[in-house]
Amino acid sequence: MATTETVSSNYAGEAANRFFSSVLLSPTSIANGGVSPMGGIRYKQNLPKLDLSGLIADSTCDFTPVGTVTRSERVLTVEEFEVNLKLCKSTYRPTFDNMRATAHADLAPSFADHLVGLVGGNIGASREETIWSGTAGTTGEFDGFETIFANVALVPHAAVTGTTLSAANIIVELGKVRDAASTALYAKSDFAIRIPVSAKKFYISAMAALGYMDKFHVDESPLNFEGIPLIVCAGMSDDIMFATYSNNLWYGFGEASDAQSVDVIDQSPLDGSNNVNVVAKWADGIQVATPSDVIIYGITQA
């Protein structure tokens, strides 16, 4: 299918390959620490786990081995995706002062940078949504965390029945997630609750109504619920929450160069056309290392 262009302004310029830094590391869930990134995955990466039990025994003069070591692993598989755009330079001419008048002028560096930034931002936004609510049956997506907990036989630490969140109930609903955590899970120093943007809005509103530090509706209250960090994940669906520790929810991608580059390729010297190709190729996917250490809120499991 050809690229569909709807133009309300004009651009053009000179040939360039532009490097857009950290395209696949830009989603808010990664930047905020809600999901841990893992690069350099060619196809599959094992996420190993060791469980130890029965290690302690009374001392004797002999060496008597005791205890149980249980090794398990989950596999993070990445899928390949791409962006292919073909733009006619004539459609975008002229706008920038540094453009030449000839019909065969190259793509202006200013527009090349702008275009690369737009493509990179689009990729980052799509990955943020896919990480949480993506479905493998949709073009350009893989199964996100919400999807796998709803459709795959995963047993979470707890599944809390959700409701429509609001400023009036957000405190109570966060309390349900807190109460669902075992002593061991709650005691982990990096235990945190991941929330959508809508829940952040409700929480700040609720804290303002409670008169946080006598500020009420002035400034923004910290995203911290009774000592538990609240991590905002922009791609998470409304009325959903996840609670676990760091390095349990993983986002994997392929080679670092694939995760960072968007190429702008002028076709004029290659095939004589007046087109510019914009290309990005990468592979990514998600996995939860230990489902039994995740509290889900608002997800109905099959």
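Below, the figures for the structure above:
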{"quantity": "Cα centroid separation, segment 229-298 to segment 62-92 (Å)", "calculated": "11 Å"}
{"quantity": "Potential lengthening between Thr164 and Val279 on full extension [0.36 nm per residue; Cα-Cα distance subtracted]", "calculated": "37.3 nm"}
{"quantity": "Two-site label geometry, Ala184 and Ala209: point separation in nm, points 7 Å out along Cα→Cβ", "calculated": "3.8 nm"}
{"quantity": "Full-stretch length increase - Glu226, Asp113 - with 0.36 nm per residue and alpha-carbon distance subtracted", "calculated": "36.3 nm"}
{"quantity": "Cys88/Asn122 FRET efficiency (R0 30 Å; Cβ-Cβ; nearest 0.05)", "calculated": "0.90"}
{"quantity": "Asp190, Asp284 arranged by Cβ crowding within 10 Å, fewest neighbours leading", "calculated": "Asp190, Asp284"}
{"quantity": "Karplus-derived HN-Hα couplings along segment 237-254 (A = 6.51, B = -1.76, C = 1.60, θ = phi - 60°), whole Hz, x at Gly and Pro", "calculated": "5, 4, 6, 10, 9, 10, 10, 6, 9, 5, 6, 10, 9, 10, 10, x, 9, x"}
{"quantity": "Separation of the Asp238 and Cys61 label points, Cα + 7 Å toward Cβ, nm", "calculated": "7.4 nm"}
{"quantity": "Fewest-first ranking of Met38, Met241, Met236, using other Cβ atoms within 10 Å as the exposure measure", "calculated": "Met38, Met241, Met236"}
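Every read-out reported here was derived from the displayed coordinates using simple, explicitly stated rules and does not represent laboratory data. It should be emphasised that the depicted structure is a prediction, and the values quoted were computed from it without experimental measurement. For neighbour counting, all protein chains shown are included, and Cβ atoms are generated from backbone atoms with ideal geometry for every residue, glycine included.
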